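The values are calculated or read from the model by the stated rules, or taken from the named source; none is laboratory data. Remember, predicted model here, so these are calculated numbers, not experimental data. Using ideal geometry, Cβ is built from the backbone for each residue, glycine included, and neighbour counts are taken over all protein chains shown. To get the accessible areas, we keep the full protein, side chains included, count just its heavy atoms, and leave off ligands, DNA and RNA. Shrake-Rupley method; radii C 1.70, N 1.55, O 1.52, S 1.80 Å.
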Amino acid sequence: AASAPELVPQLHVTWITAGILFVLGWLLLQTKFSRAWRAIRDSEIAAAAVGINLALYKTAAFGISAFYAGVAGALLVILSFSANPGSFPVQLSIYLVVGLAVGGLGSVFGLLVGALFVEYVQVYAPTVVSESPGVPTLTFGVALVLVMFMLPDGVAGLLRRSTRLGYLVGRGDR
């Protein structure tokens with residue numbers, strides 16, 4: 001494995017790429033595509049009734065998601081110099097679901113909050129709560145249950161409802 005100073009150029013490429021894709025994702029949420037996706041999410045029947053081509057927009061969503069996943073995989077390979085199925089355990093999928101629930105759907109800001117939550121819980125939960133091996137997983141479970149009951153739209157939904165800056169965290173379409 002490479003040492004930290006040797007990874008600096010790769011880290012710069014990773015952060016610059018992530019920043020560009022973050023901005024592109026935010027810009028995409030300001031377009032006609034985003035309105036169509038929200039309409040499809042809320043009611044496919046109503047969306048089709050107003051003339052939205054369901055197949056086109058669903059295929060576009062899948063293609064854009066695949067593009068983002070492909071770029072993420074390429075960046076992972078650049079940093080780790082390898083890729084194998086063991087790099088993606090089931091626990092990673094659980095972390096992603098918790099991050100989405102905590103941050104909230106429908107806003108790029110919510111995804112950022114969810115990602116930060118997942119990363120910092122893994123780092124700080126063992127030192128703050130307990131050093132037992134299962135503490136981050138337990139913390140994620142408790143957070144998921146609390147968010148589902150107290151903040152069904154996640155942190156972004158809470159901010160959208162409670163501030164005048166709702167346009168920063170999403171359109172408030174729910």
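Filter the range 92-108 down to residues that are modelled with pLDDT of 80 or more and in contact with a helix residue (DSSP H, G or I) (Cβ under 9 Å, 6 or more places away or on another chain), then give me how many there are. Steps first, answer last, please.
Residues of the range 92-108 modelled with pLDDT of 80 or more: 92-104.
Of the ones still in play, those that are also in contact with a helix residue (DSSP H, G or I) (Cβ under 9 Å, 6 or more places away or on another chain) are 94-104.
Residues that pass the stated criteria total 11.
Among residues belonging to the range 75-90 that are within 19 Å of the chain's Cα centre (by Cα) and of a type in the set (A, V, I, L, M), point out the one that is most open to solvent (accessible area, probe 1.4 Å).
Only one residue tops the list, namely VAL90.
For the range 142-161, enumerate the residues that are among the aliphatic types (A, V, I, L, M) and not in a helix (DSSP H, G or I). Write out each step before concluding.
Let us first name the residues in the range 142-161 that are among the aliphatic types (A, V, I, L, M), namely 142-148, 150-151, 155-156, 158-159.
Scanning the range 142-161 gives a single hit, LEU151.
Surrounded by fewer than 17 Cβ atoms within 10 Å (Cβ to Cβ) and either at pLDDT 75 or above or in a helix (DSSP H, G or I) (or both): is that true of THR139 in this structure?
Taking the combined requirement at face value, the residue does not satisfy it.
So, in the range 37-76, exactly how many residues are over 30 Å from THR17 (Cβ atoms) and β-branched (Val, Ile, Thr)?
Selection size over the range 37-76: 3.
Listed residues LEU79, LEU56, LEU24; which is among the hydrophobic types (A, V, I, L, M, F, W, C) and touching a residue at least 60 places away in the same chain (Cβ under 8 Å)? Explain how you work it out, then say what you get.
Values: LEU56 fails: touching a residue at least 60 places away in the same chain (Cβ under 8 Å); LEU24 fails: touching a residue at least 60 places away in the same chain (Cβ under 8 Å).
Among LEU79, LEU56, LEU24, only LEU79 is among the hydrophobic types (A, V, I, L, M, F, W, C) and touching a residue at least 60 places away in the same chain (Cβ under 8 Å).
Before we move on, is THR14 at pLDDT 90 or above, under 20 Å from the mean Cα position of the chain (by Cα) and not hydrophobic (A, V, I, L, M, F, W, C)?
Numbers: at pLDDT 90 or above: no; under 20 Å from the mean Cα position of the chain (by Cα): yes; not hydrophobic (A, V, I, L, M, F, W, C): yes.
Spelling it out, it is not the case that THR14 is at pLDDT 90 or above, under 20 Å from the mean Cα position of the chain (by Cα) and not hydrophobic (A, V, I, L, M, F, W, C).
Could you check the range 17-30 and list, in sequence order, the residues that are open to solvent by 50 Å² or more (accessible area, probe 1.4 Å) and either touching a Leu at 6+ places or on another chain (Cβ under 8 Å) or modelled with pLDDT of 90 or more (or both)? Don't jump to the end; show me each part of the working.
Step one: list which residues in the range 17-30 are open to solvent by 50 Å² or more (accessible area, probe 1.4 Å), which gives 20, 22-24, 26-27, 30.
ILE20, PHE22, VAL23, LEU24, LEU27 - these are the residues of the range 17-30 that are open to solvent by 50 Å² or more (accessible area, probe 1.4 Å) and either touching a Leu at 6+ places or on another chain (Cβ under 8 Å) or modelled with pLDDT of 90 or more (or both).
Kindly establish whether VAL97 is in contact (Cβ under 8 Å) with a residue 12 or more places away in the chain and under 27 Å from LEU146 (Cα atoms).
Values: in contact (Cβ under 8 Å) with a residue 12 or more places away in the chain: yes; under 27 Å from LEU146 (Cα atoms): yes.
Considered against the rule, which asks whether it is in contact (Cβ under 8 Å) with a residue 12 or more places away in the chain and under 27 Å from LEU146 (Cα atoms), VAL97 comes out as yes.
Need pairs with beta-carbon distance below 8 Å; first residue farther than 21 Å from PHE22 by Cβ and modelled with pLDDT under 50 and within the range 147-174, second surrounded by 12 or more Cβ atoms within 10 Å (Cβ to Cβ) and not aliphatic (A, V, I, L, M); sequence gap 6+ or separate chains.
So the pair list comes out as ARG174/GLY106; ARG174/ASP153; ARG174/GLY157.
From (1) within 10 Å of the chain's Cα centre (by Cα); (2) β-branched (Val, Ile, Thr); (3) closer than 30 Å to PRO133 by Cβ, pick out the condition that doesn't hold for VAL108.
The number of the failed condition is (3).
Which fully enclosed helices (runs of 4 or more DSSP H) of the range 1-112 have 2 or more residues being farther than 30 Å from GLY141 by Cα? Talk me through it step by step, then tell me what you get.
Working: elements: 8-28, 32-42, 44-49, 54-80, 90-103.
Because the criterion is at least 2 residues that are farther than 30 Å from GLY141 by Cα, the helices (runs of 4 or more DSSP H) in the range 1-112 that meet it are 8-28, 32-42, 44-49, 54-80.
For every residue, the table says whether it meets (1) touching a strand residue (DSSP E or B) at 6+ places or on another chain (Cβ under 9 Å); (2) surrounded by 13 or more Cβ atoms within 10 Å (Cβ to Cβ); (3) not small (Gly, Ala, Ser).
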position: GLY63; (1), (2), (3): no, no, no
position: GLY73; (1), (2), (3): no, yes, no
position: LEU92; (1), (2), (3): no, no, yes
position: VAL108; (1), (2), (3): no, yes, yes
